[in-house]
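Enquirer: Input: one structure, supplied below.
Read the figures in this text as sums done on the coordinates, not as results from a lab. Here the structure is a predicted model, which is why all the values come from computation and not from measurement. Positions of Cβ are generated from backbone atoms using ideal geometry, with glycine treated the same way; all protein chains shown enter the neighbour counts.
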């Protein structure tokens with residue numbers, strides 16, 4: 001039995017090595033290949049480690065619900081086997097996955113359990129730093145940017161004392177801080193911090209890693225906000241290439257990266273290229289998501305905006321109407337779609353509906369704090385010719401015989 005456990009530990013070490021190099025499909029296949037042997041061994045810490053890898057990999061590869069279930073079972077296995085440090089690592093991933101699923105209260109419960117387990121351990125700086133970073137990500141998902149920044153500053157202090165400057169976990173803190181700066185509108189500082197995060201990450205894990213893909217995507221977003229569209233496009237395309245290489249052609253994260261590339265192309269006026277990119281993103285999403293999933297909104301909007309830019313206004317109406325129908329999406333995104341729809345409707349001679357959609361778009365921009373965009377819609381409405389009221393029909397006079 002000891003020999004079998006040592007063999008299985010070696011096999012799971014190989015799985016971890018594949019995870020660390022972002023070879024996720026291969027890692028999941030390797031974990032699944034030893035599952036029956038691990039379960040037959042009936043050794044709780046080893047079972048916990050197997051389910052930890054399987055759950056995280058399922059979540060990363062798009063099966064978030066299944067992944068969360070495996071991670072939760074891994075927590076119980078680790079508790080049963082008294083593998084406390086492994087339990088905190090699992091809880092860290094579970095906290096992140098539940099946050100991405102917008103199950104925020106569940107995520108906070110796992111965070112509290114992680115802190116309690118750390119306290120029983122007597123503390124561990126690296127595990128504590130991981131918890132703080134994931135709590136910051138959760139706060140950012142909930143729109144609590146100030147809380148996220150405070151948590152990241154604490155994490156940076158904790159990890160600075162525990163890890164060398166070139167460690168990838170230090171780069172992760174830098175990148176998360178860049179996301180906070182982007183969220184609060186500090187775009188020049190966000191660009192600087194994200195450039196540093198990209199440099200740190202490439203130095204720590206090499207250029208072909210999923211973390212590097214995320215850094216390129218975040219930097220593209222920050223550069224777009226700075227209106228540096230050509231530089232943004234270069235980073236967006238680097239992100240797309242890495243996502244495609246590491247996750248394949250059908251992963252939702254690839255679709256999100258394609259959406260980002262499309263936004264830079266639209267900003268550069270390269271509408272034909274943007275249309276192809278957004279159509280590719282939409283195809284991936286249709287294969288993975290239900291018809292009412294809000295993630296479709298961005299790609300429908302992109303297709304409509306590209307068609308509008310090409311002057312194909314009649315074709316643009318259908319995707320733009322679908323985009324504004326996702327009422328649970330972010331207000332500023334709905335505002336962009338609504339204003340584009342208004343312009344397309346006006347070009348197609350549907351003036352009344354165009355004014356209505358423009359007014360809705362202006363309200364959405366105002367509600368989301370986008371004053372410049374709201375003013376642009378107002379100026380567009382003011383520039384339209386005044387509405388003409390239909391003249392009342394003249395009463396028909398009877399002819400005399």
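Enquirer: Given springs between every Cα pair under 10 Å in a Gaussian network model of the chain, which of 39, 320, 307 has the largest fluctuation?
Expert: In the Gaussian network model the winner is 39.
Enquirer: What is segment 1-121 by shape, rounded, prolate or oblate, if you read a ≥ b ≥ c off the alpha carbon gyration tensor as root eigenvalues and call it rounded for a/c under 1.5, prolate for a/b larger than b/c, and oblate otherwise?
Expert: Oblate, since a/c reaches 1.5 and b/c is not below a/b.
Enquirer: Rank these for me by crowding, 146, 293, 301, going from fewest to most other beta carbons within 10 Å.
Expert: Going from least to most buried by this count: 146, 293, 301.
Enquirer: What FRET efficiency comes out for the pair residue 109/residue 32, r = Cβ-Cβ distance, R0 = 30 Å, nearest 0.05?
Expert: That gives a FRET efficiency of 0.55.
Enquirer: Report relative contact order for segment 1-121 in percent, whole number only (criteria: Cα-Cα under 8 Å, sequence separation at least 6).
Expert: Normalised by residue count, the contact order of segment 1-121 is 18 percent.
Enquirer: Using a Förster distance of 30 angstrom, determine the FRET efficiency expected from the C-beta separation of residue 146 and residue 368, and round it to 0.05.
Expert: Using R0 = 30 Å, I get an efficiency of 0.95.
Enquirer: Still on this structure, please answer the following. Which shape class applies to segment 289-383: rounded if a/c is under 1.5, otherwise prolate when a/b exceeds b/c and oblate if not, where a ≥ b ≥ c are the square roots of the Cα gyration tensor eigenvalues?
Expert: oblate
Enquirer: Same structure again: Can you tell me the relative contact order of the chain? Whole percent, Cα pairs under 8 Å, sequence separation 6 or more.
Expert: 7 percent
Enquirer: What nm distance separates the two modelled labels at residue 230 and residue 196, each placed 7 Å from Cα along Cα→Cβ?
Expert: 2.8 nm
Enquirer: Take the eigenvalues of the Cα gyration tensor for the chain, scale each by 5, and report the square roots as semi-axes in whole Å, largest first.
Expert: 49, 22, 20
Enquirer: How high is the relative contact order of segment 289-383, in percent, with contacts defined as C-alpha pairs under 8 Å that are six or more residues apart?
Expert: 22 percent
Enquirer: For the chain, what does -39500 (n - 2.57) per DSSP helix run (n ≥ 4), summed and divided by total residues, give at 222 nm, in deg cm²/dmol to the nearest 500?
Expert: Rounded to the nearest 500, the figure is -26000 deg cm²/dmol.
Enquirer: What is the order of 332, 292, 20, fewest Cβ neighbours within 10 Å to most?
Expert: By the 10 Å Cβ count, ascending: 292, 20, 332.
Enquirer: For a test of the definition: using alpha carbon positions, the gyration tensor, and the 1.5 limit on a/c, classify segment 32-78 as rounded, prolate or oblate.
Expert: It is oblate, given that a/c is not under 1.5 and a/b is not larger than b/c.
Enquirer: Related question: Mind giving me the FRET efficiency for residue 330 and residue 42? R0 is 60 Å, r the Cβ-Cβ distance, nearest 0.05 is fine.
Expert: 0.80
Enquirer: Using Cβ contacts closer than 10 Å as the measure, can you line up 263, 1, 194 from fewest to most?
Expert: 1, 263, 194
Enquirer: Of 386, 188, 291, which has the largest mean-square fluctuation in a 10 Å C-alpha GNM of the chain?
Expert: 386
Enquirer: For the chain, modelled as a GNM with alpha-carbon contacts under 10 angstrom, which of 238, 83, 190 fluctuates the most?
Expert: Looking only at 238, 83, 190, the largest GNM fluctuation is found for 83.
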